[in-house]
């Protein structure tokens, strides 16, 4: 089978990598190299780290891609107290009663009961002490902050070595057969025949647009529609924690992503409430310096009704985009590609594939909607945020009971549930239930965990020491 991947961004090369590793098909990537990627620095989830470890060298990736370990997200100014959303839930998050979560809330030390939360709070990463430029000692649980441009070039080089063909050209048209399937893609200087197409052309949707796909908007709940990207030099900031920083602004929020060479930053906002100049001035005042905007990106939160039409699958931002919060884009890309492999191998039907993708993105939209329900900033933008139906359902449950994994009605294993939702609910004080009971066994487990903390922390590297090695 001949598969063409359209688009040479992060989604395109991730698709090519997974397809080449998981199938025996012929993979060709078509991309116009004069069109650069969207990102300046990008956050990921643990699934991306798992993918790198499975198919490539994690150590080589860190060195070549300017990557730094990510232990979670720190939310600043979203609520009256800043809080961290760690990569992992508490050690009891999968039990019938997440007693460590409620015990941590009661004692104001909730991060102490999540491994990555504990590391983040202590300015450490899940890489062992003793790591050097020549000896990389990892536990294999890292997510990463990465340099988008370097990561794309790294994956491109690896894919080409694996036998992926690369064509640097612009697409002019496509050819379809009598059942409306695409049989070839016509570029400026050649025609490439194909049996299947992966469209990773982002918001351009170059191939999937041939089928006039219906777009389902999330704008009613997720109304931010503009991003401005910029960078900050390490010389101009003190950044000690291995986390993405998300700072709430008057009409949106700002991200800061520490990579080896600099801090990749961006402003996300609703243009109906604030102008570019106003939001830039607000951020410049927060940082104490004028910022130099590199790129402006307009977007609409939502997804296509179907990812797969005929023999074309839309992957990554070509299929869906919520907003940059919680790094859902690369995460969903990986899930989609793995599922398209199942479809191509006839393990699932087109309907099952489409439903799976839709369920995941709808679920993440519910999760992202949760972040806007704290109502902390008293202005029209923040007070007018409407929760999605499922989001509101979870918030209501939290008022009357101690919530746990079984309370989330997720449709598949890749949906976000308690381990992710719990720390956001706790950070915004939406976990209202106050009558928790802790059994003797609960307390024994908590005390056993606490006794291990000091000695366990000694094994891990301080974030700034990691930066000194790789910067």
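Bear in mind that the values in this text are calculations on the coordinates, not laboratory data. As the structure is a prediction and not an experimental result, all values here were calculated from the model. Here the Cβ is made from the backbone with ideal geometry for all residues, glycine too, and neighbour counts use every protein chain on show.
The figures follow:
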{"quantity": "Where a label projected 7 Å from the Cα of residue 355 along Cα→Cβ would reach, residues of the range 296-329 with amide N under 17 Å", "calculated": "305-309"}
{"quantity": "Exposure proxy order (Cβ contacts within 10 Å, fewest to most) of 183, 439, 90", "calculated": "439, 183, 90"}
{"quantity": "Neighbour-count ranking [beta-carbon atoms within 10 angstrom, fewest first] of 19, 457", "calculated": "457, 19"}
{"quantity": "Cα-based helix-to-principal-axis angle, 389-400 vs the chain, degrees rounded to 10", "calculated": "20 degrees"}
{"quantity": "The range 367-393 versus the range 281-353: alpha-carbon centroid distance in Å", "calculated": "22 Å"}
{"quantity": "Per-residue [θ]222 nm for the chain (sum of -39500 (n - 2.57) over DSSP H runs n ≥ 4, rounded to 500)", "calculated": "-10500 deg cm²/dmol"}
{"quantity": "Label selected from [x] 81, 52, 37; [y] 65, 55, 47; [z] 68, 51, 49, the criterion being Cα extents along the principal axes in Å as computed here", "calculated": "[z]"}
{"quantity": "C-alpha center-to-center spacing [the range 412-471, the range 94-147] in angstrom", "calculated": "7 Å"}
{"quantity": "Rounded to 10°, Cα long-axis angle of helix 418-427 versus longest principal axis of the chain", "calculated": "50 degrees"}
{"quantity": "Net length gained if the chain between residue 297 and residue 108 were fully extended (0.36 nm per residue, minus Cα distance)", "calculated": "64.2 nm"}
{"quantity": "Cα-based convex hull volume of the range 226-298 per residue, rounded to whole Å³", "calculated": "85 Å³"}
{"quantity": "Pairwise centroid distance, computed over Cα atoms, of the range 1-65 with the range 202-247, Å", "calculated": "19 Å"}
{"quantity": "On Cα atoms only, tilt of 10-22 relative to the major axis of the chain in degrees", "calculated": "80 degrees"}
{"quantity": "Which of 331, 145 has the fewest Cβ neighbours within 10 Å, and the rest in rising order", "calculated": "331, 145"}
